[in-house]
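Heads up, the thing below is written out as structure tokens.
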């Protein structure tokens, strides 16, 4: 059995929960004849594929840097986010096609109690699993787990919507509501896919860190400048990016040209230590420029 880190274990939990829910939803969909429940089963099937992608990506991104990948494998998680977004769009398309067919040929809902019970159970399970995934994703700074949690969070809303829709059908007798709810489910899924792809693609094209993060870096550097008042006079050309959960921070500092190599090295070491104490999984590169105003 292969060893799993914390991210891998929770990605595996998502696989197991999605598999179980697919079985329940397919059975409930067949018994009830509800297209909205079948659409939910399709949604969960795509969630399962996405969970598998997330599991493989967190394992791949955990590989250490090597000769061919000196900056590590972190962007595997960003790529998986795009793949998961595309899978969600496919699921939404399948749901719309199926719902459109039933819109003109609505069928009565059978075994409504079982159908509603399954949807509520699915919503409850996904609520707790997605909540835990979000927590771990934040703590581990994992885009793959965050994407997986987003899938399941959407599943909570869609499952509740389908369950409520079936209840309305039984109360009102308005059978066409089943297809309408299924299409609304698809629209929610499309919105989810858009947000996921946008977030993943931003990191693939090396978008900078957030304003808040760069502000914190600025404060750390200025704090160190206050310690080395007569030695470190300026910093400039700050560049940041993120690959997976790894932050890359590059900037130039202006030092007194009379400093020894050791003194310059100590200042750079202090900067790196302070930044790494604030940001986990951080790679800091500092370029030294001589202060031309000091001779």
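The values are calculated or read from the model by the stated rules, or taken from the named source; none is laboratory data. A quick note: this is a predicted structure, and the numbers were derived from the prediction, not measured. Positions of Cβ are backbone-derived with ideal geometry, glycine not excepted, and every protein chain shown enters the neighbour counts.
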*asked:* So, in segment 277-287, how many residues would count as being at pLDDT 90 or above and surrounded by 16 or more Cβ atoms within 10 Å (Cβ to Cβ)?
replied: 2
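Checking the condition loosely packed, with under 13 Cβ neighbours inside 10 Å, over 21 Å from residue 80 (Cβ atoms), outside the structural domain of residue 137 (by TED's automatic domain parsing) and touching a helix residue (DSSP H, G or I) at 6+ places or on another chain (Cβ under 9 Å), which residue from 215, 223 passes? Please lay out each step first, then the result.
Details: 215 fails: touching a helix residue (DSSP H, G or I) at 6+ places or on another chain (Cβ under 9 Å).
Step by step, each of 215, 223 is checked, and only 223 is loosely packed, with under 13 Cβ neighbours inside 10 Å, over 21 Å from residue 80 (Cβ atoms), outside the structural domain of residue 137 (by TED's automatic domain parsing) and touching a helix residue (DSSP H, G or I) at 6+ places or on another chain (Cβ under 9 Å).
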*What number of residues within segment 21-37 are part of a helix (DSSP H, G or I) and either surrounded by fewer than 24 Cβ atoms within 10 Å (Cβ to Cβ) or not assigned by TED's automatic domain parsing to the domain that holds residue 117 (or both)?*
8
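Conditions (1) under 21 Å from residue 74 (Cβ atoms); (2) at pLDDT below 90, marked per residue:
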{"residue": "197", "(1), (2)": "yes, yes"}
{"residue": "206", "(1), (2)": "yes, yes"}
{"residue": "216", "(1), (2)": "yes, no"}
{"residue": "260", "(1), (2)": "no, no"}
{"residue": "269", "(1), (2)": "no, no"}
{"residue": "273", "(1), (2)": "no, no"}
_Count of segment 121-136 residues which are over 17 Å from residue 19 (Cα atoms) and in contact (Cβ under 8 Å) with a residue 60 or more places away in the chain_ = 2
_Meets criteria (in contact with a helix residue (DSSP H, G or I) (Cβ under 8 Å, 6 or more places away or on another chain), modelled with pLDDT of 80 or more, more than 30 Å from residue 201 (Cα to Cα) and surrounded by fewer than 19 Cβ atoms within 10 Å (Cβ to Cβ)) for residue 168_ = no
